[in-house]
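Please read the structure below before turning to the comments.
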């Protein structure tokens, strides 16, 4: 497939990479736990969802934001028509993603239970599924295909990569090789191991972003520097989340400053991992603008300059998302 390295796939079609502006690389717009759309106690009011998300996107833009990446993949509430309308209305570019995972959220069909014993889908089947969402457009279930996905997003099981997760990761890497989009992975128990699974498919490291690297276990293992050292992007994508599992924002800022001093500024990506509207699970109800309003000042206080910040919020995500 021939691709233009100066463009990014958005829900409204290809956009010149230099027009993305400030990018939040790991967010969720409408996030629906698989099956929740059928629950008796959950109402999906499209008009209400639209107004809620539009207000959050306008706030993001008002604080200098340009592009939101919805990195939830397939079957988790992704609504391409809704995202098209939101992008047109708010002026915020929206990059939607294909991909799936972890195994526990796949559902029986993708575990091929018709085999005895059940065996995971092979990587090539996942690659074919994801590739069509880029080459032919994202599926609107039982209706049509719309615009192309701009990212392949997948996640591993938190206790460690399963055989199905490995198929997902390898399928995502093969999709990236075939289409020119990048891969976003959320690691399970071992960030470097999960990254190496993707790189084993001969995908260049700078086409991969590893998310969740502001988890305390990742930092304790030295994973941010190790991932960056392999040439992949490091996503500190829970900015604003301060709990037993994650760093505080002050600790995140210190980590960013350490990575910058180590000469790894061009590998760092920042995001809040916010959920605009959640159905069937708790929302991470932070504004998409949190990185800009609350975290950038912490970075400046650590001595980072405007050039460093712009590199992490504009240039790095542009390099990741541009097709090649």
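Coordinate-derived values only; no laboratory data. The model shown is predicted, which means the values in this text are computed figures rather than measured ones. Here the Cβ positions follow ideal geometry from the backbone for every residue, glycine too, while neighbour counts run over all protein chains shown.
Taking neighbour counts of Cβ atoms within 10 Å as a proxy for exposure, in what order, fewest first, do 44, 86, 203 appear?
44, 203, 86
From the helices alone, meaning DSSP H stretches of at least four residues, give me the mean residue ellipticity at 222 nm for the chain, per-run term -39500 (n - 2.57), in deg cm²/dmol to the nearest 500.
Working: 11 runs with 109 residues, N = 324.
Calculated at 222 nm, the ellipticity per residue is -10000 deg cm²/dmol.
Using alpha-carbon pairs under 8 Å, 6+ residues apart, how would you state the relative contact order of the chain in percent?
22 percent
Between region 285-304 and region 2-56, what is the C-alpha centre distance in whole Å?
Going from one Cα centre to the other spans 22 Å.
Take residue 119 and residue 250, extend 7 Å from each Cα along the Cα→Cβ direction, and tell me the distance between the two endpoints in nm.
The answer from the label model is 5.4 nm.
Let me make sure I get this right: for region 181-324, a, b and c are the square roots of the gyration tensor eigenvalues over alpha carbons, sorted descending. Under 1.5 in a/c it's rounded, otherwise prolate if a/b > b/c, else oblate. Which is it? The partial results should precede the final answer.
Values: a/c = 1.38, a/b = 1.15, b/c = 1.20.
It is rounded, given that a/c, with a ≥ b ≥ c, falls under 1.5.
Evaluate the chain: find the radius of gyration of its Cα atoms, find its Kirkwood radius, and give the ratio Rg to Rh. Each step should come with its number before you reach the end.
Working: Rg = 18.3 Å, Rh = 19.5 Å.
Here the Rg-to-Rh quotient is 0.94.
Kindly identify region 11-133 as rounded, prolate or oblate by the Cα gyration tensor criterion: order the square roots of the eigenvalues as a ≥ b ≥ c, call it rounded if a/c is under 1.5, otherwise compare a/b with b/c, prolate if a/b is larger, else oblate.
Oblate shape, in that a/c is at least 1.5 and b/c is the bigger or equal ratio.
Take every DSSP beta bridge whose two residues both sit in the chain, then give the antiparallel share in percent to the nearest 5. Present the calculation step by step, with values, prior to reporting the outcome.
Values: 7 of 35 bridges.
Taking every DSSP beta bridge with both residues in the chain, the antiparallel ones total about 20 percent.
Taking 0.36 nm per residue of separation and subtracting the Cα-Cα distance, what length does fully extending residue 178 through residue 217 add?
Result for the pair: 10.7 nm of gain on full extension.
Most fluctuating residue of 135, 182, 223 in a GNM of the chain with Cα springs under 10 Å: which is it?
135
Would you mind ranking 68, 49 by Cβ crowding within 10 Å, fewest neighbours first?
Listed from fewest to most nearby Cβ atoms, that is 49, 68.
Determine the shape class of region 110-188: with a ≥ b ≥ c the square roots of the Cα gyration tensor eigenvalues, call it rounded for a/c under 1.5, and otherwise prolate if a/b is greater than b/c, oblate otherwise. Don't skip to the end; give the middle numbers.
On the way: a/c = 2.07, a/b = 1.35, b/c = 1.53.
Cα axes put region 110-188 in the oblate bin.
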